[in-house]
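In what follows, a single structure is set out as structure tokens and then discussed.
The values are calculated or read from the model by the stated rules, or taken from the named source; none is laboratory data. These numbers come from a predicted model, not from an experiment. Cβ coordinates were reconstructed from backbone atoms using ideal geometry, including for glycine residues, and neighbour counts include every protein chain displayed. All accessible areas refer to the heavy atoms of the entire protein, side chains included, with ligands and DNA or RNA removed. Shrake-Rupley method; radii C 1.70, N 1.55, O 1.52, S 1.80 Å.
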Amino acid sequence: MAALVKGLGQATRPLLPVVQSWDRDARRWVRALRRSPVKVVFPSGEVVERKLSPGKQPRKGVFEAGRHEQRLKQPLPVPPSQTPSTWEESGLRYDKALPGDKRLSSVMTIVKSRPFREKQGKILLEGRRLIADALKAGAVPKVFFFSRLDYIKELPTDKLKGVSLIKVKFEDIKDWSDLVTPQGIMGIFAKPDHVKMTYPETQLRHSLPLLLICDNLRDPGNLGTILRSAAGAGCSKVLLTKGCVDAWEPKVLRAGMGAHFQVPIINNLDWETVPNYLPTDTRVYVADNCGLYAQAQTSNKASDHGWVCDRQLSKLHKYEEEVDLETGASKGWLPELEVQSYDLDWTEAPAAVVIGGETHGVSLESLQLAENTGGKRLVIPVVPGVDSLNSAMAASILLFEGKRQLRVRAEHWSRDRSSH
């Protein structure tokens with residue numbers, strides 16, 4: 001019986017040994033001591049420091065030595081007076097657009113609409129060369145969208161401070177681009193102010209007392225080409241009256257090929273304010289679109305003048321003859337301007353040339369301004385039966401003819417001065 005009880009007692013023992021909590025804590029401490037700690041903190045608050053052997057260097061000294069070596073390896077700080085010359089030194093950062101990012105589409109919707117563009121005061125520039133010209137002239141960038149980081153690294157780093165840089169897929173840029181071959185970079189700029197712009201020194205040095213006034217130009221391609229010719233001829237400024245296409249429209253910018261940042265452009269003017277932008281003693285000359293006016297000088301009726309601008313005016317104004325009570329003679333409402341061939345001298349005083357659109361022609365206000373300033377109508381003869389010249393072509397002919405006349409006058413003045 002005693003043996004049976006003894007056997008049952010042994011059977012009730014657990015198969016696995018039970019480890020007491022104090023035994024487990026002790027083992028933890030032993031395992032911790034094997035890791036060679038610097039200090040051991042017991043639950044009771046007792047702190048035991050490890051005694052180092054005589055041949056070993058204290059870890060504190062090793063740590064301080066390591067920190068000293070790291071300080072030696074670190075590059076010397078750049079003085080505040082020096083400007084960072086590389087992308088890495090400037091500390092610029094960019095965001096990468098994730099799928100579903102709407103920033104590009106929302107901005108494009110604004111800058112491609114003239115009302116929103118004028119309200120927000122922002123324009124869209126596309127292409128590396130156009131953006132570089134804008135930055136050089138002092139235009140203020142706000143946002144850049146690009147598909148490759150190299151395109152941003154080509155730009156001056158000092159011009160990118162505070163600008164939002166967003167990397168997007170090339171396909172996204174292609175969807176919003178107006179170019180046949182997109183260049184992978186778009187920039188949103190504040191609408192430039194001609195007063196604050198810095199135009200190229202060579203352009204200012206070759207500037208002539210010659211202005212261009214655009215009246216009712218509605219075609220973006222024509223306006224861009226005209227601006228390019230004005231910059232090439234050396235015009236001092238270009239004035240755009242109300243009714244013209246926006247000079248900062250993407251199609252005009254593309255046709256202008258950087259002319260917007262080479263010659264001052266003053267946009268959306270009322271005719272009442274145009275004289276304020278003209279130099280003293282400026283004479284205003286109006287381009288005759290068809291050249292048939294000279295053949296109809298014997299008639300005072302607007303409908304008989306036979307050129308596009310007058311025909312457009314006759315559509316807008318019903319012709320009414322005014323009768324002079326003293327003489328009984330009748331006269332028309334259209335200002336009478338003397339007609340002159342474009343290749344005769346008309347640059348003896350500062351000159352402003354008015355170019356009208358092919359569809360709407362010049363306005364009555366432009367003719368009145370020419371009459372008040374002593375200007376004339378400039379006719380470019382064409383073969384009978386041929387339609388009028390393109391507005392951009394006519395503007396180019398007149399502007400470069402004006403440049404030729406000014407150069408000849410300067411040569412004569414220099415020759416006369418040297419002879420005396």
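Among the listed pairs Lys136/Lys174; Lys112/Lys174; Lys102/Lys167; Lys142/Lys174, give every one whose C-alpha distance is greater than 22 Å.
Exceeds cut-off: Lys136/Lys174.
Report the residues of segment 203-230 in range of a label on Thr359: point 7 Å along Cα→C-beta, backbone N strictly under 18 Å from it.
214-226
Name the long-range amide H neighbours of Lys142: under 5 Å, sequence gap of 5 or more, or other chain; modelled H, no Pro or chain starts.
Sorted by chain and number, the residues that satisfy this are Ile188, Phe189, Ala190.
Give me Rg over Rh for segment 86-190, both radii from the alpha carbons and Rh done the Kirkwood way, two decimal places.
0.94
To the nearest 0.05, how large is the calculated FRET efficiency for Met393 and Glu338 if R₀ is 25 Å and r is the Cβ-Cβ distance?
0.55
For Val47 and Val140, FRET efficiency with R0 = 45 Å and r from the beta-carbon atoms, rounded to 0.05?
0.10
Rounded to the nearest percent, how much of the accessible area of segment 185-241 (1.4 Å probe, protein heavy atoms only) is carbon and sulfur?
For segment 185-241, the apolar C and S fraction of the accessible surface comes to 51 percent.
Obtain the nm distance between the two label points defined at Phe116 and Arg128 by a simple spin-label model: each point lies 7 Å from its Cα along the Cα-to-C-beta direction.
The modelled label-to-label distance comes out at 2.9 nm.
Given a 1.4 Å probe, how much area per residue of segment 79-201 is accessible, in Å²?
Here the per-residue accessible area is 59 Å².
Give the calculated FRET efficiency between Ser414 and Ser164 to the nearest 0.05, with a Förster radius of 56 Å applied to their Cβ-Cβ distance.
With R0 = 56 Å, the Cβ-Cβ based efficiency is 0.60.
Using the Cα gyration tensor of segment 331-411, with a ≥ b ≥ c the square roots of its eigenvalues, what is the shape: rounded (a/c below 1.5), prolate (a/b larger than b/c) or oblate (neither)?
Oblate is the answer for segment 331-411, as a/c is 1.5 or above yet b/c matches or exceeds a/b.
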